[in-house]
Amino acid sequence: MNAVLAVKQYVAKMIEDSGPGMKVLLMDRETVREGLGGDFSNVISKSDIKSLAEADEQEVVAEVQEFYGDYIAVNPHVFSLNLLGCCQGRNWDPAQLARTTQGLTALLLSLKKCPMIRYQLSSEPAKRLAECVKQVITKEYELFDFRRTEVPPLLLILDRSDDAITPLLNQWTYQAMVHELLGINNNRIDLSRVPGISKDLREVVLSAENDEFYANNMYLNFAEIGSNIKNLMEDFQKRKPKEQQKLESIADMKAFVENYPQFKKMSGTVSKHVTVVGELSRLVAERNLLEVSEVEQELACQNDHSSALQNVRRLLQNPKVTELDAARLVMLYALHYERHSSNSLPGLLTDLRNRGVSDRYRKLVSAVVEYGGKRVRGSDLFSPKDAVAITKQFLKGLKGVENVYTQHQPLLQETLDQLIKGKLKDSQFPYLGPNTLRDRPQDIIVFIIGGATYEEALAVYNLNRTNPGVRIVLGGTTIHNTKSFPSWFILRSGLPSWEARLCEGLIPACAELR
């Protein structure tokens, strides 16, 4: 199952069918002389075809075709619908439910899968989406009449509220880190705010389809990325022994690229990645993210309340820690120690206020607990066995990149692992309808209402790599980072309208942090 390949094949088919010459025409009634074809990216209803026919006064539309690419193929195993807000409180917005149903069924049709459906029982939106997808499959049964497989494919629908921890954590693999600190919008990265940036690098494209370095390094950690760029540049330097210079840090690499225009011309891809990694390194240092991330990992994976509280309070006093990062630390504390006997959340909120953190950020703490707290979750995010099982891993390598912890594994990893082993409980993730799988699933599409993350994309990538015969595709209403996620749970949290309006200013404020 490959979402990128599925869309590429549809695009190629549309271009082939359109024949040679111009592919786009701008026309008025007087200039139309030939029959036209219409290509739609999803199922088109009979009523829509009727409306199109009635509007075709010149009778120029000769044919209509359906190509099911009504989603954003991010990676071969990841897709998004680019929807940020789709629920109000605990209920779907009707228009967004329809759009999500369309996008998800388009994905199924493009992959040629007619799946059995399971959903997260603790989530009413998950059940509602499952029902809507099933209705489309039933209604359009001829479209979904694919060749039967020995083990039917499975669609698993989850809710982001079951794991509000993952999208609140800093990331340290390349793709995830770029999205966290710079933002990825349809594979484009805005670098216009980078100090001293050249015109040709103000916006760059990161796509594994046409960038070999990115394809080979997108799932590696930050230290390994810097080391790989260093090795590539040193290989180039070997051709110029008289101009050899040491490349001991990311700053050295940037200086090297700037001083050798011919290198820039020959290796624009490397120049791009040196710039991106250099900016990531600058932001990490500027925002003290290594230290912040270590405490985040402690809050997410350990169960030492006293140590966690002490470390959070220490960082709240650090002027390099941004308002959003300070609020995130308190949000993580609130989610983990919500019902701890020595809970000190009121004191931490006071600390936020005393250091001048604005009201809109402080309100996020209660909003995230309302959205993904103990009362809402169907799973146990902080089981002690998880903390024992996960060992600390260090990022080693390039001088200038300090070691950081990467202990956390998203809840999705455990959920899919249980699913692959045939141990996922029907009582928590029931099937829609009377039929159930007798065998372990092989083709799995998992969709997260409220958005997926690149940390979860990495988990799916690794599961695909380590489980031969199992193919998993991950999708979500959007792909979150720590800036976009708060705007989602504000809408879902059920906060009074005046508080929600107060927090809505968060996203512009977050953009300023870059």
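Taking the conditions exactly as written (touching a residue at least 60 places away in the same chain (Cβ under 8 Å) and of a type in the set (Val, Ile, Thr)), does residue 295 satisfy them or not?
No, not satisfied.
Read through the list (1) closer than 27 Å to residue 490 by Cβ; (2) surrounded by fewer than 17 Cβ atoms within 10 Å (Cβ to Cβ); (3) among the hydrophobic types (A, V, I, L, M, F, W, C), then give the number of the only condition that residue 86 fails.
So the condition that residue 86 fails would be (2).
Which members of the range 167-181 meet the condition of being under 11 Å from the mean Cα position of the chain (by Cα) and among the polar types (S, T, N, Q)?
Selection gives 175 alone.
Sort out which residues of the range 111-126 are at pLDDT below 95, open to solvent by 10 Å² or more (accessible area, probe 1.4 Å) and outside any loop (DSSP other than H, G, I, E, B), and write them in order of number.
Correct list: 116, 124.
Among the residues of the range 323-359, count how many are open to solvent by less than 60 Å² (accessible area, probe 1.4 Å), in contact with an Asp or Glu (Cβ under 9 Å, 6 or more places away or on another chain) and not in a helix (DSSP H, G or I).
Residues meeting the conditions: 3.
So residue 449 ticks every box in (1) modelled with pLDDT under 90; (2) open to solvent by less than 10 Å² (accessible area, probe 1.4 Å) but one. Which box is left unticked?
Just one mismatch for residue 449, condition (1).
Kindly establish whether residue 292 is in a helix (DSSP H, G or I), among the β-branched types (Val, Ile, Thr) and out of contact with any helix residue (DSSP H, G or I) (no Cβ under 6 Å at 6 or more places or on another chain). Lay out the reasoning, then the answer.
Working: in a helix (DSSP H, G or I): yes; among the β-branched types (Val, Ile, Thr): yes; out of contact with any helix residue (DSSP H, G or I) (no Cβ under 6 Å at 6 or more places or on another chain): no.
The answer is no for residue 292.
The values are calculated or read from the model by the stated rules, or taken from the named source; none is laboratory data. As the structure is a computational prediction, the values presented were derived from the model and not from experiment. Positions of Cβ are backbone-derived with ideal geometry, glycine not excepted, and every protein chain shown enters the neighbour counts. Areas reflect the complete protein model, heavy atoms only, side chains present, ligands, DNA and RNA absent. Shrake-Rupley method; radii C 1.70, N 1.55, O 1.52, S 1.80 Å.
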